[in-house]
Amino acid sequence: GQQVMQIPQYQHVQEGEDFTTYCNSSTTLSNIQWYKQRPGGHPVFLIQLVKSGEVKKQKRLTFQFGEAKKNSSLHITATQTTDVGTYFCAGPFRDNYGQNFVFGPGTRLSVLP
Amino acid sequence: DTGVSQNPRHKITKRGQNVTFRCDPISEHNRLYWYRQTLGQGPEFLTYFQNEAQLEKSRLLSDRFSAERPKGSFSTLEIQRTEQGDSAMYLCASSAGTGDYEQYFGPGTRLTVT
């Protein structure tokens, strides 16, 4: 079936430490998106990756799409308390039944000041 | 505020009752998605529209769930004969264009079935 897995499920870091979350898809994706959801909030779009091996940076955040377009990672350098939240990867899945959009289970990040 | 809006924000209903939620997407966004999210999980795809056409519906979704998007503007999600397992946050998102572009989420409707 269509699966998106993320590890770790939880990550606790001290402010200033780096953080990485990994996303793995059961099938090749045409693109992958990352979202951040703050506690009590709704998902907010961070970035979309389309090309094999693509790397994009947003200030302290670095996103990478694997060569096989089945995995992705998000790395945060020198975490801050504002980075607290759950990070989801998501992508479109197409099969014989049609298309849907699948979110991973997320990685919950807590940052200790 | 020109973001995605959802109403009501909270709904408490008794098991067996029907409920309807509304989503107003960002103006001129072609795509509209419905998701369900439970605590500690990622959003679960329910269905999506391209303008007024419902393109996909999760095959895991019960027939008690139905969605409409008349005239390609706002959308409604109806759940008939609610069950306790339907308790969740129902999220709506919209995106521009006809491809898989960034989705803008609304604040959600939290449904509690007692």
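The values are calculated or read from the model by the stated rules, or taken from the named source; none is laboratory data. None of the values given here were measured: they were computed from a predicted structure. All Cβ positions, glycine included, derive from the backbone under ideal geometry; neighbour counts span all protein chains shown.
Look at residue A:88 and say whether it is under 29 Å from residue B:88 (Cβ atoms), of a type outside the set (Val, Ile, Thr) and either buried (at least 20 other Cβ atoms within 10 Å of the Cβ) or within 14 Å of the chain's Cα centre (by Cα) (or both). Steps first, answer last, please.
Numbers: under 29 Å from residue B:88 (Cβ atoms): yes; of a type outside the set (Val, Ile, Thr): yes; either buried (at least 20 other Cβ atoms within 10 Å of the Cβ) or within 14 Å of the chain's Cα centre (by Cα) (or both): yes.
So residue A:88 passes the test.
One line per residue, one yes/no per condition, for (1) in contact (Cβ under 8 Å) with a residue 40 or more places away in the chain; (2) under 20 Å from residue A:90 (Cβ atoms):
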residue: B:21; (1), (2): yes, no
residue: B:26; (1), (2): yes, yes
residue: B:33; (1), (2): yes, yes
residue: B:40; (1), (2): no, yes
residue: B:48; (1), (2): no, yes
residue: B:55; (1), (2): no, yes
residue: B:58; (1), (2): no, yes
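Looking at the range A:11-60, which of the residues that are within 10 Å of another protein chain (Cβ to nearest Cβ), surrounded by fewer than 16 Cβ atoms within 10 Å (Cβ to Cβ) and in contact (Cβ under 8 Å) with a residue 24 or more places away in the chain is farthest from residue A:87 (Cα to Cα)?
For the range A:11-60, the residue satisfying everything is A:30.
Tell me which strands (runs of 3 or more DSSP E) are completely within chain B and hold 2 or more residues being within 15 Å of residue A:42 (Cα to Cα) and within 14 Å of another protein chain (Cβ to nearest Cβ), or say none if there are none. It would help to see each step written out before you state the result.
Values: elements: B:5-7, B:10-13, B:19-24, B:31-37, B:44-50, B:53-57, B:65-68, B:75-79, B:88-95, B:109-113.
Hits in chain B: B:5-7, B:31-37, B:44-50, B:88-95, B:109-113.
Among the residues that make up the range A:63-85, is at least one of them of a type in the set (Gly, Ala, Ser) and modelled with pLDDT under 95?
Within the range A:63-85, not a single residue is of a type in the set (Gly, Ala, Ser) and modelled with pLDDT under 95.
Quick one: how many residues across the range A:65-106 are within 22 Å of residue B:49 (Cα to Cα) and not hydroxyl-bearing (Ser, Thr, Tyr)?
Number of matching residues: 15.
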